[in-house]
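S.K.: This is the structure I want to talk about, given as structure tokens.
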Amino acid sequence: MATSQWWQKAVIYQIYPKSFNDSNGDGIGDLPGITAKLDYLKELGIDAIWISPIYTSPQVDSGYDISDYRVIDPRFGTNADLYHLIDEAHARGIKVIMDLVANHTSDQHVWFQQSRQSRDNYFSDFYIWRDPQPDGSAPSNWGSYFGGSAWEYEPLRQQYYLHYFAKEQPDLNWENPLVRTAVYDLMRFWKAHGVDGWRMDVISGISKFTDFPDYPTPNGEQFVVGDLHANGPRLHEFLQEMNREVLAPFDMMSVGEAPGSTARNARQFVDQTRQELNMVFTFDHMDIDADPMAPFPQKFHSLAFDLVKLKQSLSEWQNSLFNHGWNTLYFENHDQPRVISRWGNDGQYRYQSATAFATVLHGLQGTPYVFEGEEIGMTNAHNFTLADYNDIEVTNTAKMLGTTVMGLTATELLAAAQQISRDNARTPMQWDNSANAGFTTGQPWLKINSNFPTINVATDRQQTQSVFNYYQQLIALRHDAEWLTAGEYQLLLSNDPQLFAYTRTYAGQVWLIVANLSPEIVATTALQAVLGEQKITQLLLQNYPERQRLDAPLQPYEALIAKLG
Ligand code: NOJ
């Protein structure tokens, strides 16, 4: 597979705009705030920014509920602010990726406001409407990702509409060509203003199994979220059409969020010959700590970290897409907690564990995504009480405490939320140790992590052990090293519960990436045995400076990238 596209050598930085940098003191991050930090991002070395939704929105789901796709929400600034940001980013060689949320809109969008009025207006079929069952109940037992039924009754039409997420986020009807045309039009609109590509929200959900068959409910669940929620029969037809209409002619990069994708079916999205998307975000490796047998809400019953499972999942994707497509590489985003708190160590070994996880991720084939704050080792918010959460996943669950569907006490929910909730990633960016971490001069929209006096950009960059500095080196290496882009992956020691070790082979030469992802000291005997005669000939990057050879044990969270010979 050719590896000459800009995004194959790129590192993309995700900005969660509400929490990045507030320029006007209203407590909410904004576009001028992002523009003010472009030099910082340039110093980090990233090639593109992906900005989570900034369009007009009632913010029921933090902007993933859009009521006007073409107008910037005044909380974040104006369209002119965005055009300025794009110009300034481009002037620094940074591309701009926007979020395309087209599986659903806000219920406040004019399309939905019209659609709900009657069964026979222009917008009637923009959404997915079904008649009630004879007893008046919902058309099927499909559940919403945020809890409860995925169907909501609309008295005006005397019908139910479908919503995979909150009831304020009705799903668009992609069967209707008018919907698809409207989506392609808005993509062209933003291209005309300089946008370089798209991150596509729940793109695997846009084609529905339109007869909505009931899920079998072995445990008697009332509402179910399952396989039928993704990969509907016309999905690839729609994506090929979008590619023909917009992505190819306007040369836009695309990365689709694809719940339900597997290492095997992902090829259907990203095999270049199929002309669909450049990359997809999978959930496979993020789900290794989800307990499939747990009661609702499953998300809040996480299992202990299992490195063997993580390696299996990442390796399966590396192997399946090699020569067939392109991977995304991520541990964090606005929907995931901080990786060092989730699977690593955010205390004594915070620097080591942040850099170790970064090393094993950025050493893989694919495009790495860095989520704001990951580059300084920000941690989960251990200082939140249940009342501090804004994330609808937590607040909806909290409302159900004490009901029969909930298997959690308030104390257990809080512990789970501190471990896994999305707000762990959404706390404001920690710039320095001044009031409100330098994020705002006002009242921050979400509580700031209380560790900001010690964990912040200014402090990190002054330290010898600087996570930022390590990311700079990793990113620079990705730009330079062709073997990182094109080299073949081979996992070593697949069953080792502490070491993540693999090689990349390119043009007859071999590089080793290894990390001890545990707080213990680990012998390298097994590693040396599999490497045989091969020894380190050059160290390219390491988070413990003393090492020169492999014969000493690996220290807690020690990681390195080396050339073998
Ligand atoms: C995925 C987004 O990443 C998430 O934040 C959002 O809640 C859902 N899609 C619904 O848009």
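The values are calculated or read from the model by the stated rules, or taken from the named source; none is laboratory data. Since the model is a prediction, treat every value here as computed from it, not as a measurement. Please note: Cβ atoms are built from the backbone with ideal geometry, for glycine as well, and neighbour counts cover all protein chains shown. Areas reflect the complete protein model, heavy atoms only, side chains present, ligands, DNA and RNA absent. Shrake-Rupley method; radii C 1.70, N 1.55, O 1.52, S 1.80 Å.
S.K.: Listed residues GLY232, GLY220, GLY194, GLY205; which is small (Gly, Ala, Ser), modelled with pLDDT under 95 and out of contact with any Cys (no Cβ under 9 Å at 6 or more places or on another chain)?
M.R.: Answer to the check: GLY220.
S.K.: If you go through segment 135-153 one residue at a time, do you hit one that is under 30 Å from ILE34 (Cβ atoms), within 13 Å of the ligand (Cβ to nearest atom) and at pLDDT below 95?
M.R.: Within segment 135-153, the subset under 30 Å from ILE34 (Cβ atoms) is 145-146.
Checking the rest, the ones that are also within 13 Å of the ligand (Cβ to nearest atom) come to 145-146.
Among the residues that remain, those that are also at pLDDT below 95 are: 145-146.
Yes - at least one qualifying residue is present in segment 135-153.
S.K.: Just one of (1) part of a helix (DSSP H, G or I); (2) closer than 30 Å to VAL96 by Cβ; (3) of a type outside the set (Lys, Arg) trips up SER254, so point out which.
M.R.: Status for SER254: all satisfied but (1).
S.K.: Those residues that are touching a Phe, Trp or Tyr at 6+ places or on another chain (Cβ under 8 Å) and farther than 19 Å from ALA481 by Cα, I need them from segment 503-542; list them, please.
M.R.: ALA515, ASN516, LEU517, SER518, PRO519
S.K.: Right, next: Could you tell me whether segment 201-221 includes any residue that is within 16 Å of the ligand (Cβ to nearest atom), open to solvent by 30 Å² or more (accessible area, probe 1.4 Å) and under 21 Å from the mean Cα position of the chain (by Cα)?
M.R.: Within segment 201-221 (the criterion being within 16 Å of the ligand (Cβ to nearest atom), open to solvent by 30 Å² or more (accessible area, probe 1.4 Å) and under 21 Å from the mean Cα position of the chain (by Cα)), the answer is no, since none of the residues qualifies.
S.K.: Of the residues SER62, SER115, which is within 13 Å of the ligand (Cβ to nearest atom), surrounded by 22 or more Cβ atoms within 10 Å (Cβ to Cβ) and over 15 Å from VAL183 (Cα atoms)?
M.R.: Answer to the check: SER62.
S.K.: Tell me, which residue of segment 162-192 that is basic (Lys, Arg) and either over 27 Å from ASP131 (Cβ atoms) or outside any loop (DSSP other than H, G, I, E, B) (or both) is nearest to the ligand (Cβ to nearest atom)?
M.R.: ARG180
S.K.: Those residues that are small (Gly, Ala, Ser), outside any helix (DSSP H, G or I) and open to solvent by less than 10 Å² (accessible area, probe 1.4 Å), I need them from segment 416-467; list them, please.
M.R.: Residues satisfying the conditions are SER421, SER466.
S.K.: Filter segment 375-415 for residues that are within 16 Å of the ligand (Cβ to nearest atom) and buried (at least 19 other Cβ atoms within 10 Å of the Cβ) and give the result.
M.R.: Answer for segment 375-415, where residues must be within 16 Å of the ligand (Cβ to nearest atom) and buried (at least 19 other Cβ atoms within 10 Å of the Cβ): TYR389, ASP391, ILE392, GLU393, VAL394, THR397.
S.K.: Consider SER4 carefully, then state whether it is small (Gly, Ala, Ser), open to solvent by 10 Å² or more (accessible area, probe 1.4 Å), more than 16 Å from the ligand (Cβ to nearest atom) and under 22 Å from GLY373 (Cα atoms).
M.R.: Judged against the criteria, SER4 is not a match.
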